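A quick write-up on the structure given underneath.
The values are calculated or read from the model by the stated rules, or taken from the named source; none is laboratory data. From a predicted model like this one, the values you see are computed outputs, not experimental measurements. Cβ sites come from the backbone with ideal geometry, for glycine too, and all protein chains shown count toward neighbours. Just so you know, the surface numbers come from the protein's heavy atoms only, side chains and all, with ligands and any DNA or RNA stripped out. Shrake-Rupley method; radii C 1.70, N 1.55, O 1.52, S 1.80 Å.
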Amino acid sequence: MKKVITYGTFDTLHHGHINILRRAKKLGDYLIVGLSTNKFNKIKHKKSVYSYKQRKAILEGIKYVDLVIPENSWNQKINDIKTHKIDIFVMGGDWKGKFDFLKKYCKVVILPRTKGISTTSIKNKLKKKNRKILSDISL
Ligand code: C2G
């Protein structure tokens, strides 16, 4: 059984996330997602809309995902790869070159990011919509 792992925050889940999870799963038979905890998000300077518990429940509902584990630090990947006997580590294009040190332990595959969508763009769109509603109400 070929085991694949990927990591991320996966906040306000969108088709870019689904694309990477689908393609990652296609590379093997079993996909583990290292999901950034709220505490680790702080270290990544990210504030997620959904809590770890909510993001975990959402990911566990996706057919490509076989197991969700907490990502608490930058330094757990080697141990995760060994513990879960991972064959392939996958990340999106924005991480190209950042995890080459893992090549000693497993295959590293970087997949192109999905263009035109991000959690940040979703949040900005919602903020803009809110401002428009508030300004319409206050007219
Ligand atoms: N992604 C993508 N296309 C997008 C947006 C995201 O392919 N339009 C990919 C990212 O490249 C990443 C995964 O989806 O591989 C999760 O993205 P984030 O939730 O933003 O995760 P990130 O903050 O990049 O955390 O240790 C690794 C970090 O935890 C990665």
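Values for this structure:
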{"read-out": "Relative contact order, percent, the range 1-47 [alpha-carbon distance under 8 Å, six or more residues apart]", "value": "51 percent"}
{"read-out": "Cα pair distances exceeding 22 angstrom across the chain, given as percent", "value": "40 percent"}
{"read-out": "Sum of -39500 (n - 2.57) over DSSP H runs of 4+, divided by residues of the chain (222 nm, nearest 500)", "value": "-11500 deg cm²/dmol"}
{"read-out": "Cα→Cβ-extended label distance, 7 Å offset, between residue 29 and residue 57, nm", "value": "3.2 nm"}
{"read-out": "Paramagnetic label zone (point 7 Å from Cα along Cα-to-C-beta, residue 85; backbone N under 18 Å) in the range 16-38", "value": "28-33"}
{"read-out": "Using alpha-carbon coordinates, inclination of helix 15-26 to the longest axis of the chain, degrees", "value": "10 degrees"}
{"read-out": "Contact order normalised by residue count of the range 1-114, Cα under 8 Å, 6+ apart, percent", "value": "31 percent"}
{"read-out": "Rough spin-label spacing in nm, given labels placed 7 Å along Cα→Cβ, for residue 66 and residue 134", "value": "4.7 nm"}
{"read-out": "Long-range amide H partners of residue 111 with built H, under 5 Å", "value": "91, 92, 93"}
{"read-out": "Relative contact order of the range 52-139, defined on C-alpha pairs under 8 angstrom at six or more residues apart (%)", "value": "19 percent"}
{"read-out": "The chain, accessible surface, carbon-and-sulfur percent (1.4 angstrom probe)", "value": "58 percent"}
{"read-out": "Residue 100-residue 1 FRET efficiency (beta carbon distance; Förster radius 25 Å; 0.05 resolution)", "value": "0.50"}
{"read-out": "Virtual spin-label span in nm between residue 124 and residue 75, 7 Å along Cα→Cβ", "value": "3.5 nm"}
{"read-out": "Cα shape, the range 56-124, gyration tensor, a/c 1.5 rule", "value": "oblate"}
{"read-out": "Accessible area in square angstrom per residue, the chain, 1.4 angstrom probe", "value": "62 Å²"}
{"read-out": "Gyration tensor verdict on the range 1-44 (Cα atoms; rounded if a/c is under 1.5, prolate if a/b is larger than b/c, oblate otherwise)", "value": "oblate"}
{"read-out": "Among 121, 73, 36, residue whose mean-square fluctuation peaks in a GNM of the chain (springs only between Cα atoms under 10 Å)", "value": "121"}
